[in-house]
Amino acid sequence: MSGRYDKAIVSVVVDKALYSFDNEFDYYLPQGAKVSIGQRVIVPFGKGGKKRVGLVTGFKQNADYGRLKDIYCVINDGVILGDEALRLMHWLKDNTFCTYFDAVKTILPGGMALNVSQRYAISDEFRKAPDSFALEPAEQAVSAMLLGCKSDRELNDMIEYGFDEQQKKLIGRLSEKSVLVSLDIIKQRVGSETEKNVRLTDSYLSGEYADKGGKPLTAKQKKVADFLTDADSASVKEVCYNCVVTSAVINNMEKNGIVECFDNEVSRSLTAGAKAVRSIDDIVLSDEQSAVYSGMSELMDSGKPQCALLKGVTGSGKTTVFLKLIDKALKQGKTALMLVPEISLTPQMVRNFTDLFGSNVAVIHSNLSLGQRTDEYKRIEKGEARIVIGTRSAVFAPLDNIGIIVIDEEGEHTYKSEKSPRYQARSIAKQRCFYHNATLLLASATPSLESAYFASIGRYKLFEMKKRYSQPVLPDVYLVDMKVEVETGNRSNFSRALADEIKNNLQRGEQTILLLNRRGYNTYMNCIKCGEVYKCPNCNIPLTYHKTNNCMICHYCGYTEVFTGKCKSCGSKFIYSTGTGTQRIEDEISTLFPSARVLRMDADTTMSKFSYEKNFDKFKNGEYDIMVGTQMIAKGLDFENVTLVGVLLIDKSLYAGDYLGYEKTFSLITQVVGRCGRGSKKGRAYLQTFSPEHYVLNLAADQNYDEFFRQECEIRKALLFPPYCDICEIGLSSVDEAVCKKGSDSFVKLFMKNLEGHGIPIRVLGPSACSVAKVNGKYRYRIIIKCKNNKEFRSVMQATLLDAYKSPALDKVSFFADMNGEII
Ligand SMILES: Nc1ncnc2c1ncn2[C@@H]1O[C@H](COP(=O)(O)OP(=O)(O)OP(=O)(O)O)[C@@H](O)[C@H]1O
Ligand SMILES: [Zn+2]
């Protein structure tokens, strides 16, 4: 319901409200003001009546008139959350334990967020007669400093960056005494135009800048760096605006090598200006593809919400089927949404779409500047783009009349948000399909166990494609026993079989992909003399040695120290290092195969994200013979000249320490094996392991998903894990371990108390320290609650969280609840 009234009481959700205090608050709408549901307003909030951004969620008939405050002003940019978006906001609040406004901010693109900030100026009275004001000495000192400022801008900069906490406190007093006047400035984070962009340099991100003695950042520079860390990239204008700096600050940072400027040509060519160059009618589906298409068409024609799972082996041409189905939706006068796990890895996918649908395609992902994201959002809202491709957050794209939502590689963990609101894109997609009577298509070569289970009990309609499109056979897969290699004197990271095959490939001019899921050079270092193990002081886990910058780096928090070659505690020069990372493999390849041209792809070489596409293009053009990388190279890539895949050591992934370990390993192997033999030549894959007898590895080598599914379901059923129950994880952290542990125990007690009288079957595991027990100087505990995710359970959890916020035992502990989250 949405309407306009001259006088009314409205419910408003408010920005920056704490979870424990979050609600729909009532406000009085001033006489003559008009507002609609879904429109933004500024309201006074809290004790001091500070101005906050809010969003109107409804009108009220009866409320306590006397105690209500007036809305301060209505923001004149119309309804920004429509009926569906408001429902999603409520859904997020109820299901993920976030605040209303966290939900609002997640649904809107970052660039549309509004901020209220306070700006100060010296009052005319004070300027004229400063001596007539009764000020304490400290106040006098501060006001003298402020009087010395040449402009309001300088004055506000001084307050924000130059003052310590003590001085900042005096600002409030000076406003009360009318020395200063304050203004509330409402800022939208960006305008709509796009221009020159900035991002942090690789050197700064890798810590090289700091290591090479780069100047420490000034307060303003730090603000810019923090902003860019969050935003990935933004236009110069946006940075200036949000960080309240001039472009001179950015120029300086560019000179010092902290940021770099670039033109974002990628997104421009991808979206508004794109032209269709091919016709969808030229694509002819194979028999298997046609069968899926007609089955899906039936669902789409039903006019009811539907959910289907497409299990298609790697290279079966799932994308082609998506294209045809999306074309069908458009022809029905509807719109379509397609989610991918990581856009930088699938430039080909985006190209496929723009080639066929031109500017009808909008792309949403975090590599765009805030302005570009807002522009895409508006193109979608206006109906100029009726197909949206994007990563997780694109699931909220303001499409109207959706016909189909496709989620590619549906089991990928990137679909789950790891910060509040902790939502799973699949669940949001389901909500949207219900709303629009649309069809949801989940697709993968290795579906998540949960989706496969729902398909097996008939809740999802199941479609399968068992053949590759161009090459009738899947690659041959061999397990290589590394124990035998070691026993027979081969201590290298390459088994003889794999080394021989790499040699063959080099001779034949065919390409090879090597997977090792650890970056860096050595992953463990200790002193032989005193036994000291080099660990991160913040996280207490072993540091990884990086040869490229001669540093030891923590892969959890980024802590970096230069490796001196001597033990820090005893000074000995005998340092023992073990554990192989991708950098070391790159070295070993150059020793074993000096002529090979090697491309390394891991988080260290691709920090700016833009390197992905360039490097993959070079590899595709044959400029490299071997690509070695972490799991980022395992999925989605389609290079026809790759005929060999080697997995250097898979064991660690099997024992990842949570119930998803086997599922993830099976999926990783299937995906990476699927990268070879996609053209006319058959592929082969070698999996090196110290546990060649492990059944998961054997099933993965056989590419036998069905049997893996059966066995894994048995285990999950016996031990009670999803999909046979839901899991609610409580994560707790604190700088003090004892406080964290005590707080965790209190949380369990509060939960048990709230549970009383409900008769809900649950099992509580823990509290226990997380497997990485300390990150960024904070100790981490977790509680696992096996439960059934329903309204009753969630209400118990909500009550527990509210109690926990009030409990003194949890005063110094941060905590969150996460339904069915991935457990690290
Ligand atoms: N009907 C078709 N006509 C022409 N080419 C096709 C057709 N179907 C698939 N292909 C080609 O086959 C190759 C594999 O297709 P695609 O990348 O869509 O497979 P996929 O199922 O998504 O694989 P993966 O799960 O490994 O990512 C691509 O190069 C694609 O262009
Ligand atoms: Zn660390």
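The values are calculated or read from the model by the stated rules, or taken from the named source; none is laboratory data. Small disclaimer: the values here were computed from a predicted structure and weren't measured. So basically every Cβ, Gly included, is an ideal-geometry build from the backbone, and we count neighbours across all protein chains shown. Accessible surface is based on the protein model in full, side chains and every heavy atom, while ligands, DNA and RNA are left aside. Shrake-Rupley method; radii C 1.70, N 1.55, O 1.52, S 1.80 Å.
Data table
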item	result
In Hz, Karplus ³J(HN,Hα) per residue of region 354-361 (6.51, -1.76, 1.60; θ = phi - 60°; x = Gly, Pro)	5, 4, 8, 10, x, 6, 6, 9
For Asn517, residues with placed amide H under 5 Å, excluding near neighbours	Leu649
Sequence-distant residues sharing a close amide H with Ala8 (under 5 Å, placed H)	Leu29
Extended-chain gain in nm, criterion 0.36 nm per residue less alpha-carbon gap, Lys753 and Ser456	103.2 nm
Selection of trypsin sites (Lys or Arg not before Pro), region 727-793, meeting DSSP coil and at most 15 other Cβ within 10 Å	Lys788
Spin-label model distance (nm) - Asp617 vs Ser294, 7 Å beyond Cα toward Cβ	4.1
Under 5 Å, built H, 5+ apart or other chain: amide partners of Arg600	Val628
Within-13-Å neighbourhood charge of Glu588 [Cβ basis; K, R +1; D, E -1]	+2
Sites Val284 and Tyr524, calculated FRET efficiency, Cβ-Cβ separation with R0 56 Å, nearest 0.05	0.55
Nearby lysines by direct alpha-carbon distance to Lys334 (threshold 23 angstrom, same-chain neighbours under 8 apart not counted)	Lys275, Lys304, Lys318, Lys324, Lys378, Lys382, Lys430, Lys461
Cα-projected label distance for Leu18 with Ala210, points at 7 Å along beta-carbon direction, nm	3.1
Segment Val181-His90, extension gain: residue separation times 0.36 nm, minus the distance between their alpha carbons	28.9 nm
Neighbour-limited loop hits for chymotrypsin sites (Phe, Trp or Tyr not before Pro), region 551-599 (at most 14 other Cβ within 10 Å; DSSP other than H, G, I, E, B)	Phe574
Cβ-based net charge around Ala397, under 15 Å, with every Lys or Arg adding one and every Asp or Glu removing one	+2
Cross-link reach list, lysines versus Lys220, counting only Cα pairs under 16 Å and skipping chain neighbours closer than eight places	Lys237, Lys255
Solvent-accessible heavy-atom area per residue, rounded to whole Å², over the chain at 1.4 Å	44
³J(HN,Hα), Karplus 6.51/-1.76/1.60, whole Hz, each residue of region 83-100, x for Gly, Pro	4, 5, 4, 5, 4, 5, 4, 5, 4, 4, 4, 6, 9, 10, 6, 10, 8, 3
Paramagnetic reach from His413 in region 697-734 [backbone N under 18 Å; point 7 Å along Cα→Cβ]	722-723, 727-732
Label point distance in nm, Lys717-Lys382, each placed 7 Å from Cα along Cα→Cβ	5.5
Contour excess over end-to-end distance, with Cα ends at Ser302 and Lys196 and 0.36 nm allotted per residue	33.4 nm
FRET efficiency, Ala129 to Asp226 (Cβ-Cβ, R0 60 Å, nearest 0.05)	0.90
Within the chain, percent of DSSP bridges classed antiparallel, to nearest 5	60
Where Cα atoms sit under 24 Å apart: lysine pairs in region 726-819 separated by 8 or more or lying on different chains	29
For region 176-184, 3J(HN,Hα) per residue [Karplus equation, 6.51 cos²θ - 1.76 cosθ + 1.60, θ = phi - 60°, Hz, x = Gly/Pro]	4, 8, 6, 6, 10, 10, 10, 10, 8
Ellipticity estimate at 222 nm from DSSP helix runs (n ≥ 4, -39,500 (n - 2.57)) divided over the chain, nearest 500	-10500 deg cm²/dmol
Low-density loop cleavage sites - trypsin sites (Lys or Arg not before Pro) in region 331-395, where at most 16 other Cβ are within 10 Å (DSSP)	Lys382
Taking only Cα atoms of the chain, radius of gyration then Dmax in Å	28.9, 93
